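The values are calculated or read from the model by the stated rules, or taken from the named source; none is laboratory data. All values derive from a computational prediction rather than experimental measurement. Positions of Cβ are backbone-derived with ideal geometry, glycine not excepted, and every protein chain shown enters the neighbour counts.
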Amino acid sequence: MSSRTLGQTVCDVALQAGCSSVGIIEAEIMTLSREALLNRKALGLAGDMQFTYRNPERSSDPKRIMSEARSIVAATFAYSNPTQARYSEATAPGVGVISRFARDNYYAQLRTSLAAVADCLRDRGYKAEVVVDSNALVDREVAWRAGLGWFGKNSMVLSHKDGSWILLGSVVTDAELPSTVDAPAADGCSSCTKCIDYCPTKAIIAPGVIDARRCIAWLVQSPSSIPIEYRPAVGTRLYGCDECQEVCPPSQIALGSSTPEDLDRSQVDLYWILSASNSDILANVDSWYIPKRDPDYVRRTALVNLGNSAVEEDERTWPTIERYLRSDNVLLRSHAVWAAKRLGFAERVAEVLKPEQLLEVEAEMEAAVELRSKSL
Ligand code: B12
């Protein structure tokens with residue numbers, strides 16, 4: 001089989017297996033990302049994130065995945081299901097919202113599609129590695145080079161058909177396949193700056209540049225305290241943040257105008273999260289990134305969500321918060337103090353906590369009281 005025919009065959013396999021678009025590029029160093037990762041790390045914009053920031057030289061070089069790599073088959077997987085609820089719609093107090101990309105295990109679906117491509121190459125005697133959302137390769141530059149989308153100001157890769165509602169992955173192979181790219185995808189942002197203007201924490205500090213220390217998507221999955229100044233903006237977002245995509249005109253068009261129906265996969269009862277066992281939480285959020293797989297980080301975010309959305313009259317609210325005020329885990333205790341104060345339980349907090357515990361969480365209490373007088 002000629003390399004042209006093989007290239008066409010793997011593209012056909014990817015599309016038949018469920019990918020929404022596919023392209024082939026040479027396995028070169030991803031110079032744009034290497035430079036951006038090094039610069040942003042030096043400027044502190046990565047915060048304490050690891051991922052591709054841990055070793056930018058490695059994550060930008062496909063030959064570190066396979067020394068004989070010659071080509072990369074890049075693909076997108078669309079998840080713009082219009083029947084899902086709009087991101088920011090929590091339908092009731094005490095409900096946490098899940099970002100669109102996490103409402104199903106779309107990453108697993110993409111991996112399965114790309115495994116078919118890898119099998120096709122291996123059957124013909126080539127080496128092939130599936131790479132999806134790992135620390136080994138910067139997926140966006142691969143997709144952009146393959147002409148599958150343009151770089152938006154929100155730093156997402158967007159396609160003209162599916163907006164930014166696409167996950168990205170690739171197959172690195174030693175097969176020499178002809179490039180499918182004639183020209184990069186045309187820019188679709190033009191002069192629009194909605195993502196920059198509407199980011200709740202102003203985390204997009206320049207077109208295409210995210211300050212992860214402020215990005216809600218990172219804050220809700222970080223292995224630390226959620227900074228007090230951003231807790232109101234976190235709102236009811238339990239996992240991920242879609243705001244810079246929901247306000248993006250090409251991404252809105254991709255969603256269409258159907259009435260949202262599918263609330264089950266987009267929302268979680270916060271009282272359930274805050275009363276469930278470790279194993280029940282982990283079983284329900286199997287595909288989420290959770291530091292050290294420790295469900296206390298999910299509970300921490302849920303306490304902030306509760307503080308932002310619960311009503312003090314709900315008879316479940318105070319007992320839930322009280323339980324966490326008595327927690328041995330200072331991270332949970334301090335987030336519970338913040339939620340309690342925000343919901344008007346200031347006096348009860350002082351009754352539950354010992355004086356030394358009150359001192360420990362003084363800053364949280366002051367900040368929450370200040371916020372309550374400003375915004376409730
Ligand atoms: C670390 C990471 C994060 C971090 C940091 C994100 C970031 N922007 O750096 C956090 C946790 C915050 C995050 C959040 C999200 N992530 Co994420 N994340 C990653 C990961 C693991 C590495 C990304 C990376 O290396 N970033 C480093 C910087 C250097 O890359 P960059 O931001 O793309 O920078 C480029 C642009 O700045 C561009 N550029 C340079 N100059 C200029 C100038 C202009 C004018 C423009 C427009 C662009 C531009 O070139 C740079 C280099 O490529 C990838 C998976 C992977 N292995 O690649 C997924 C990935 C990027 N994430 C993804 C998703 C889905 C998300 C979320 C939407 C999830 C959610 N709903 O909460 C949010 C989106 C937030 C956002 N606007 O970026 C998808 C993105 C798909 C897409 N269509 O782009 C990826 C590719 C995973 C995947 N395999 O599908 N993520």
Practice task
Within region 277-297, track down each residue that is in contact with a helix residue (DSSP H, G or I) (Cβ under 8 Å, 6 or more places away or on another chain) and without any contact (Cβ under 8 Å) to a residue 40 or more places away in the chain.
Solution key: 281, 282, 293, 295, 296
Practice task
Restrict the check to region 121-144 and report whether at least one residue is without any contact (Cβ under 8 Å) to a residue 12 or more places away in the chain and among the hydroxyl-bearing types (Ser, Thr, Tyr).
Solution key: yes
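For (1) within 8 Å of the ligand (Cβ to nearest atom); (2) surrounded by 15 or more Cβ atoms within 10 Å (Cβ to Cβ); (3) free of Cβ contacts under 8 Å to residues at least 40 places away in the same chain, each residue gets a yes or a no:
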{"position": "216", "(1), (2), (3)": "yes, yes, yes"}
{"position": "228", "(1), (2), (3)": "no, yes, no"}
{"position": "239", "(1), (2), (3)": "yes, yes, no"}
{"position": "249", "(1), (2), (3)": "no, no, no"}
Completion exercise
Inside region 1-46, the number of residues satisfying the requirement of being touching an Asp or Glu at 6+ places or on another chain (Cβ under 6 Å) and in a helix (DSSP H, G or I) is 3
Fill in the blank from the handout: If we ask which residues in region 45-80 are more than 9 Å from the ligand (Cβ to nearest atom), surrounded by 23 or more Cβ atoms within 10 Å (Cβ to Cβ) and of a type in the set (A, V, I, L, M, F, W, C), their number turns out to be 4
Problem - Residues of region 169-193 classified as closer than 22 Å to residue 78 by Cα and either within 10 Å of the ligand (Cβ to nearest atom) or outside any loop (DSSP other than H, G, I, E, B) (or both), total - result: 6
Completion exercise
Checked region 91-126 for anything of a type in the set (Lys, Arg), away from the ligand (no atom under 16 Å from the Cβ) and outside any helix (DSSP H, G or I); matches are 124
Practice task
Would you check if residue 147 is surrounded by 15 or more Cβ atoms within 10 Å (Cβ to Cβ) and outside the structural domain of residue 12 (by TED's automatic domain parsing)?
Solution key: no
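To keep it simple, each residue is scored yes or no on (1) closer than 30 Å to residue 162 by Cα; (2) aliphatic (A, V, I, L, M).
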position	(1), (2)
214	yes, no
223	no, no
233	yes, yes
294	no, no
300	no, no
